[in-house]
Amino acid sequence: MKKRIWSLVLAVLAVFSLAAGCGKSGNSITISDPQSYEGVHEVKIENTSDYIFRNGKTDYVVLYPEDASETIQNAVAELRLFLAGASGGSIEAVTEAGGRPVLSVGETSSLKQEIPDYAEKELKNNGYIIRTQGKNVYIVGGSDTGTANGVYDFLKYTIGFRVYAADEVKYEKGDVSLKNFDVTDVPDIDYRVGDVTSKIDGDEQYRKRLRYNCNDDVFMYAKGSLYHNDFVYLDPKVYSGEQYKKWYSESNGSTDYLQLCYTAHGDNAQLSAMLDIVSDIMVETAKTSQTNTITFMQQDRNTWCDCKTCSASKEKYGTNSAVVIQFLNKLSDLLKKKLAAAGIEREIDICFFAYQQTEKAPAVRGEDGKYAPIDESVRCRDNVFVFFAPIYAYFNESILSVNNKNVAETLEAWNSVSSKTWVWLYQTNFSHYLYPYNSLPTMADRYRFLASRRAAFLFDQNQWDQNVKTAFHRLKAWMGAELSWNVNADYNALLDEYFSGYFYEAAEPMRKLFDSVTLHMENLARTTDMDGNIYYGINQYTLFPKSLLDGWLDLIDQAEKAVEKYSTTQPDLYKKLTDRIGIEGMSVRYMILDLYAGRFNETELREKQTQFMNDCYKYGIDKVAEITDISTVFVQWGII
């Protein structure tokens, strides 16, 4: 009976798909970008008759610098680990080759002798080159992280290395042939961060293997802080006296300090005192950090100071961000003097948010269609730049859709004000973690737009506090790594690869599930009031008919049956695969219990709720929404 219902559902969805042009024009999905982007992905590889490993034996060594960083040492360990796994042999790591052929990792003395022009390549921070010279292979990046990225791609081209999860690494086994490499590969967006922490799906090494960055690659931490941290510098609990009152916001007469006042209410002496404290903290932070970017960012509240000076600035510039830029430009000038006095010769970049009340740039569009700062006081210093976070965008649509028109234009405006632009995007519904959020089909479109607008840093925030994600959010982290490196990569080919590599024989029913969820969410965006807001109240039974959800559960059942052959022959693999399938099924099961509890008798409902709770504990799903523990649901259900 379920299969018949499922066929009817698919037929109905197909009709909706054919009518894609109907419904709300504002929500139409337009996956097109007239501003195409072509990055540097030069991959020339030829086979040779030589081998790195033959019959488990090798004459090669892995060569690395004597002063190798932890990043390089980890890359060397990974190279040795997977070459050993593929060949059945082992390979030595040395700092002196002694005449033996080498796989050179990083800036070795041999690299400098054999490929002296390597430093001339525009590799940014995360790109790399792989070059074969005679029988030697050289891997080096624009930074040590870039070198590590090159090691993983050397393994991809040499032994077919691919990774789909922390516990799913694939590569070919047998002899390892030497290839003639001439590869220069640079990510289209230089820095790419896939989560708030350094881990992806709870695993640090998985993050590195995906070639993602982490915040530690980029930022120094002022007093251990990073985002929304201006109160860390100027803590209202510390500066609580009457003499500091002008440092903090007035907001509709509120006596609570919700933001800084970036003008000190127009009091220049007080403003100088604020700048002096902040710059001193930045200098002290720079003394103990090797990175070059520090943040000074507003509080995570949708409010701003409305004192006379701040209000006058907003009236003049049309945005609250003008006072932020002017404050940080002064801070930049002071910081440079203090760094020089402290004997610190490097330049420190200062990064600030364009977010909520400060999202709009102080720029205007001219008759030529190009944006320019309203005046020079709001043009960022060369070392002051914006982190643009369009929290109200619809990430289930193209960035060039009607609903996202302001987002695209605002990014253009910020590009005229800031010499470089970093971008913070979102790819989940933060009020409903266990429901689908259809941001994947438009991911490449967004990334390509950002690359064409010279975005140098991308943070695409996933469910940062969820231990184990359902509703295909694990796939989003993987796909984000691939598409942010090459924004023109084949989306459907990547989907095929992931489902095959991650779900094995269950790939077909799981791909059907993903495609059906995607199609349904696209149809909802076209034909209902559902929008792409990341807090939208999607938990409505009218949006998810029970027959549709039952059909999705049927596909989960089919997937489990597809891997049943492993239950006796490879029980560990069977458990891994059924867990992966079961994790995706948790989203569907939750939606049925959340929307259709009344369809079950009391005994049946309690049994299903209890089993769902037990499976949440088993799989590690611990959040129902941002900063909201799943146990709150179990309390509401009355089962704990």
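On a 21 Å Cα-Cα criterion, which of the cross-link pairs Lys223/Lys287; Lys469/Lys565; Lys360/Lys420; Lys245/Lys316 come out too long?
From the list (Lys223/Lys287; Lys469/Lys565; Lys360/Lys420; Lys245/Lys316), the Cα-Cα distance tops 21 Å for Lys469/Lys565; Lys245/Lys316.
Residues Lys170, Lys337 ordered from highest to lowest accessible area at a 1.4 Å probe: Lys337, Lys170. The solvent-accessible area of His228, taken with every protein chain present and a 1.4 Å probe, is close to 50 Å².
The mean sequence distance of close C-alpha pairs (under 8 Å, at least 6 residues apart), as a share of the length of the chain, puts its relative contact order at 14 percent.
Stretched out straight at 0.36 nm per residue, the stretch from Glu497 to Arg301 would grow longer than its current Cα-Cα span by 66.4 nm. Since only Gln558, Gln461, His520 are under comparison, the one whose Cα sits farthest along the positive direction of the charge dipole of the range 457-611, derived from C-beta charges on Lys, Arg, Asp and Glu, is Gln558. Computing FRET efficiency as 1/(1 + (r/R0)^6) for Asn406 and Ser547, where r is the C-beta to C-beta distance and R0 is 35 Å, gives about 0.40. In terms of distances greater than 29 angstrom between alpha carbons, the cross-link table entries Lys246/Lys330; Lys308/Lys338; Lys179/Lys576; Lys199/Lys370; Lys199/Lys237 yield Lys308/Lys338; Lys179/Lys576; Lys199/Lys370; Lys199/Lys237.
Ordered by 1.4 Å accessible area with all protein chains kept, Ile281, Ile621 run largest first as Ile281, Ile621. Treating r as the C-beta distance of Ala166 and Lys565 and R0 as 25 Å, the FRET efficiency rounds to 0.55. For Lys135, the aspartates and glutamates whose Cα comes closer than 14 Å to its Cα, not counting residues fewer than 8 places off in the same chain, are Glu46, Asp50, Asp59, Glu114, Asp182. Among 609-615, 391-397, sorting by the average number of other beta carbon atoms lying within 10 angstrom of each residue, highest first, gives 391-397, 609-615. Toward the positive end of the charge dipole of the range 378-485, with +1 on the Cβ of Lys and Arg and -1 on the Cβ of Asp and Glu, the farthest Cα among Met443, Phe387, Ser401 is that of Phe387. Between Ile639 and Leu573, the FRET efficiency from the beta-carbon distance, with R0 = 25 Å, is close to 0.15. Secondary-structure-derived ellipticity at 222 nm for the chain, considering helices only, amounts to -13000 deg cm²/dmol, per-run term -39500 (n - 2.57) for DSSP H runs with n ≥ 4. At full extension, Glu508 and Ile391 could sit 38.6 nm farther apart than now, given 0.36 nm per residue minus the alpha carbon distance.
Using the Cα gyration tensor of the range 409-500, with a ≥ b ≥ c the square roots of its eigenvalues, what is the shape: rounded (a/c below 1.5), prolate (a/b larger than b/c) or oblate (neither)? Because a/c hits 1.5 or more and a/b fails to exceed b/c, the range 409-500 counts as oblate. Packing, taken as the mean count of other beta carbons within 10 Å per residue, orders the peptides 132-141, 628-637 from highest to lowest as 132-141, 628-637. Basic side chains Lys and Arg get +1 at the Cβ, acidic Asp and Glu get -1 at the Cβ, and with that the dipole of the range 406-545 about its Cα centre reaches some 320 debye.
Using heavy atoms of the protein chains and a probe of 1.4 Å, the accessible area assigned to Glu376 is about 120 Å². Expressed as a whole percent, the accessible surface of the chain that belongs to carbon and sulfur atoms is 47, based on a 1.4 Å probe. About the centre of its Cα atoms, the chain shows a dipole size close to 740 debye [charges on the beta carbon of Lys, Arg (+1) and Asp, Glu (-1) only; nearest 20 debye]. Close amide H partners of Tyr51, meaning residues 5 or more places away or on another chain with modelled amide H under 5 Å apart, are Leu178. Neighbours of Gln540, meaning other residues whose beta-carbon lies under 11 angstrom from its beta-carbon, give a summed charge of -2 when Lys and Arg score +1 and Asp and Glu score -1. Lys/Arg Cβ at +1, Asp/Glu Cβ at -1, dipole of the chain taken about the Cα centre: which of His265, Tyr317, Tyr590 is farthest positive-ward? It is Tyr590. So for the range 480-634, what percent of the C-alpha to C-alpha distances run longer than 28 Å? Of all Cα-Cα pairs in the range 480-634, 29 percent lie more than 28 Å apart.
Across all directions, the average flat footprint of the convex hull enclosing the Cα atoms of the chain is 33.4 nm². Output the antiparallel fraction of DSSP beta bridges having both residues in the chain, as a percent to the nearest 5. Counting only bridges with both partners in the chain, antiparallel ones make up about 50 percent. In terms of distances greater than 31 angstrom between alpha carbons, the cross-link table entries Lys156/Lys405; Lys124/Lys336; Lys170/Lys512 yield Lys156/Lys405. For the pair the range 165-189 and the range 285-357, the centres of their Cα atoms are 42 angstrom apart.
The values are calculated or read from the model by the stated rules, or taken from the named source; none is laboratory data. Remember, predicted model here, so these are calculated numbers, not experimental data. Heads up, the Cβs are rebuilt from the backbone with ideal geometry, glycines too, and the neighbour counts pull from every protein chain shown. The protein model used for the area step is the full one, side chains on, heavy atoms only, and it has no ligands, DNA or RNA in it. Shrake-Rupley method; radii C 1.70, N 1.55, O 1.52, S 1.80 Å.
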